[in-house]
Amino acid sequence: MAKVTKIQAQKRKGRYNIYLDGKYAFPVAETTLIEFRLMKDVELTDQQVAEIEHRENVNKAYGDAVNYLSYQLRTEKEIKEYLYKKEYHKDAVEFTLEKLRNLHYLDDASYAKSFITDQLRMTANGPKIIEQKLFQKGVPDNIIQDSLFDIDQDTLLENAIEFAKKQARKQKRASFQQMLTKIRQSLYQKGFNSEITNEAIKKLDLEVDEDEELDKLKKMIEKVQHRYDTQAKLINYLMTKGYHYDEIKRVLDANN
């Protein structure tokens with residue numbers, strides 16, 4: 001048996017230090033103090049002390065989880081990893097998760113919907129990238145797929161078009177064909193499927209300017225032709241940049 005010889009209030013409101021047999025034993029929250037009716041001269045068995053310490057550990061885990069949630073929404077996986085990183089034992093973690101679910105503080109379905117809304121509003125990410133991010137956060141696949149299915153396709157297309165416009169501006173010096181290729185690749189990399197990608201590019205109404213295209217080709221030839229010891233190698237390089245063989249040959253022949 002151990003006797004409570006002192007209960008000392010901490011500077012933190014609602015926290016107390018418990019002394020047993022004249023020595024500091026452990027801290028408790030006010031709720032734990034009340035639950036176990038801790039007061040001076042109360043005698044505790046080893047089992048009761050263990051129960052108090054367990055309860056305090058559980059309450060502290062819950063408090064840390066709520067504080068972590070106060071900054072932004074979290075998934076169950078994120079909360080679990082956070083608590084284990086803080087070295088709480090399994091019982092405390094599982095109790096905390098269950099309590100948070102019951103209070104609707106943890107809901108992966110609601111989290112997924114909120115996350116998707118933010119992604120569509122604040123980023124240029126398409127469904128595939130959003131899916132990857134949700135998977136990394138531990139959202140179950142069935143919830144991810146249901147949430148992605150509800151994405152407004154008009155919003156998705158608008159985002160893809162805006163992103164495509166930015167990519168087109170970045171490719172002003174490229175050939176028309178290379179610009180289209182780069183835009184397409186960028187949209188795929190952002191997680192848009194081929195249907196949205198094709199529609200977005202179509203909506204840009206891009207048209208080749210033959211005079212501008214010829215001027216770009218001439219400038220590129222002037223810039224890189226010294227790197228190649230044969231015309232065939234130069235032509236091959238220029239074709240990888242989106243220029244057509246006939247156009248390249250015509251410019252090269254005119255220069256000779």
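The values are calculated or read from the model by the stated rules, or taken from the named source; none is laboratory data. Being a predicted model, the structure only gives us computed values, none of them experimental. Glycine also receives a Cβ, built like all others from the backbone with ideal geometry; neighbour counts cover every protein chain displayed. For the accessible areas, the whole protein counts, side chains as well, though only heavy atoms, and no ligand, DNA or RNA atoms are used. Shrake-Rupley method; radii C 1.70, N 1.55, O 1.52, S 1.80 Å.
Here are the numbers for the structure shown:
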{"quantity": "Share of carbon and sulfur in the accessible heavy-atom surface of the range 108-151 [1.4 Å probe, %]", "calculated": "54 percent"}
{"quantity": "Stretchable slack from Leu206 to Asn142, in nm (0.36 nm times residue separation minus alpha-carbon distance)", "calculated": "19.1 nm"}
{"quantity": "Over the range 1-120, relative contact order from alpha-carbon pairs under 8 Å, at least 6 apart, %", "calculated": "19 percent"}
{"quantity": "The range 182-221, accessible surface, carbon-and-sulfur percent (1.4 angstrom probe)", "calculated": "41 percent"}
{"quantity": "Principal-axis tilt of helix 90-102 within the chain, Cα atoms, nearest 10 degrees", "calculated": "70 degrees"}
{"quantity": "Protection-proxy order for peptides 160-168, 236-244, each taking the mean of Cβ atoms within 10 Å per residue, highest first", "calculated": "160-168, 236-244"}
{"quantity": "Relative packing of peptides 59-66, 96-103 - highest average C-beta neighbours within 10 Å first", "calculated": "59-66, 96-103"}
{"quantity": "Residues in the range 125-142 that a label on Arg101 would reach, taking backbone N under 13 Å of a point 7 Å out along Cα→Cβ", "calculated": "140"}
{"quantity": "Loop sites in the range 177-252: GluC sites (Glu not before Pro), DSSP, at most 12 other Cβ within 10 Å", "calculated": "Glu207"}
{"quantity": "Simple Cβ-charge dipole of the chain, Lys/Arg +1 and Asp/Glu -1, about Cα centre, in debye nearest 20", "calculated": "1120 debye"}
{"quantity": "Set of lysines near Lys99 by C-alpha distance (under 24 Å), chain-local residues within fewer than 8 positions excluded", "calculated": "Lys13, Lys60, Lys77, Lys80, Lys85, Lys86, Lys90, Lys113, Lys137"}
{"quantity": "Karplus-derived 3J(HN,Hα), 6.51/-1.76/1.60, for each residue of the range 169-182, Hz, glycine and proline x", "calculated": "5, 6, 9, 4, 8, 7, 5, 4, 5, 5, 4, 4, 4, 5"}
{"quantity": "Gain in span if fully extended, Arg121 to Lys233, counting 0.36 nm per residue against the direct Cα distance", "calculated": "35.7 nm"}
{"quantity": "Heavy-atom surface of the chain, accessible at 1.4 Å and reported per residue (Å²)", "calculated": "64 Å²"}
{"quantity": "C-alpha long axis of helix 108-122 to longest principal axis of the chain, angle in °", "calculated": "40 degrees"}
{"quantity": "Per-residue HN-Hα couplings for the range 183-189 [Karplus 6.51, -1.76, 1.60; θ = phi - 60°; Hz; x = Gly/Pro]", "calculated": "4, 4, 4, 5, 5, 4, 5"}
{"quantity": "Cα→Cβ-extended label distance, 7 Å offset, between Asp246 and Glu162, nm", "calculated": "4.1 nm"}
{"quantity": "Signed unit charges on C-beta, dipole axis of the range 153-207, positive-most listed residue Ser175, Leu156, Thr197", "calculated": "Ser175"}
{"quantity": "Residue-averaged 222 nm ellipticity for the chain, from DSSP H runs of 4+ at -39500 (n - 2.57), nearest 500", "calculated": "-20500 deg cm²/dmol"}
{"quantity": "Percent RCO, i.e. relative contact order, over the chain, from Cα pairs under 8 Å lying at least 6 residues apart", "calculated": "12 percent"}
{"quantity": "Acute angle (nearest 10 degrees) that the helix 127-136 long axis makes with the longest principal axis of the chain, alpha-carbon atoms", "calculated": "30 degrees"}
{"quantity": "Qualifying trypsin sites (Lys or Arg not before Pro) for the range 6-56 [loop in DSSP, other Cβ within 10 Å: at most 11]", "calculated": "Lys11, Arg12, Lys13, Arg37, Lys40"}
